[in-house]
Amino acid sequence: MENKTGKYFKYAIGEIILVVIGILIALQINTWNENRKESLEESSILQNLYDEFSENKKMFDENIIETENAKQTGYTLMKFMGKPEELLKKQNVDSLLFIVLEPGEYRPSENTINDLIQSGRLRLLRNKKLKTLLYNWQSQLKDVKVAIERAELKIDNELIPYLSKHYALKDIDKYGALNWKENTTLKVDKYAIFNDIEFENITDDYLYRIAAAERSLKRLGTILDAILAETNK
């Protein structure tokens, strides 16, 4: 009887061990499958991020050029302050003012990153540096939007109202979507603004704001390039 009991216990223990091993194997396979799924999803996320930020990079490159052009053109206008009318008439002031009034705006796509944060799938990214970059991107993008908005407010609230009273907007708009073929037929001294301290002050403050927007954009560009590098491995 003792012999049979001992064999029974050995058999029972063996069965238990087999069951435990089976469970561990099943858990291991399940874990492997889950890791595989998460790895595939992570690869898909990285590709989506790379595609989205590649497009953002194209828009960024265009915008930084427009912003730089607006800034440099503003500096050119400042050099004309107080200069003789004969010199000013040799310049295409209409086109210069058009460039200043169109500094561009940067509105990148945020669909992928917003979806990752809202769905909680950002945790699938194992690259801690990339996660930090994505958070920094959102923070810096807010700064860019504020800086660009400050420059736009200067244009809308001061520069355009001033030019509306002292210049011919039609002559400026012929370089834009309105594409006027002729200048205004109304009498206006377009060069008087370069001897007006109010115009100089408005232009100076505009340049201060557009320069700040450009600096903020460049910081964002550094983050953008780093994100592309981390998602293209």
(message) Being surrounded by fewer than 16 Cβ atoms within 10 Å (Cβ to Cβ), free of Cβ contacts under 8 Å to residues at least 24 places away in the same chain and under 17 Å from the mean Cα position of the chain (by Cα) is the requirement here; does residue 92 meet it?
(response) no
(request) Can you give me the ranges of the helices (runs of 4 or more DSSP H) entirely in region 109-204 with at least 3 residues that are open to solvent by 60 Å² or more (accessible area, probe 1.4 Å) and in contact (Cβ under 8 Å) with a residue 40 or more places away in the chain? (result) 128-154
(request) Test residue 82 against the criterion of being touching a residue at least 60 places away in the same chain (Cβ under 8 Å), touching a helix residue (DSSP H, G or I) at 6+ places or on another chain (Cβ under 8 Å) and loosely packed, with under 13 Cβ neighbours inside 10 Å, and give yes or no. (result) yes
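The values are calculated or read from the model by the stated rules, or taken from the named source; none is laboratory data. Just so it is clear, the structure is predicted and the values come from calculations on it, not from any experiment. Every residue, glycine among them, receives a Cβ derived from its backbone with ideal geometry; neighbour counts consider all protein chains shown. SASA here: full protein model, heavy atoms, side chains in, ligands and nucleic acids out. Shrake-Rupley method; radii C 1.70, N 1.55, O 1.52, S 1.80 Å.
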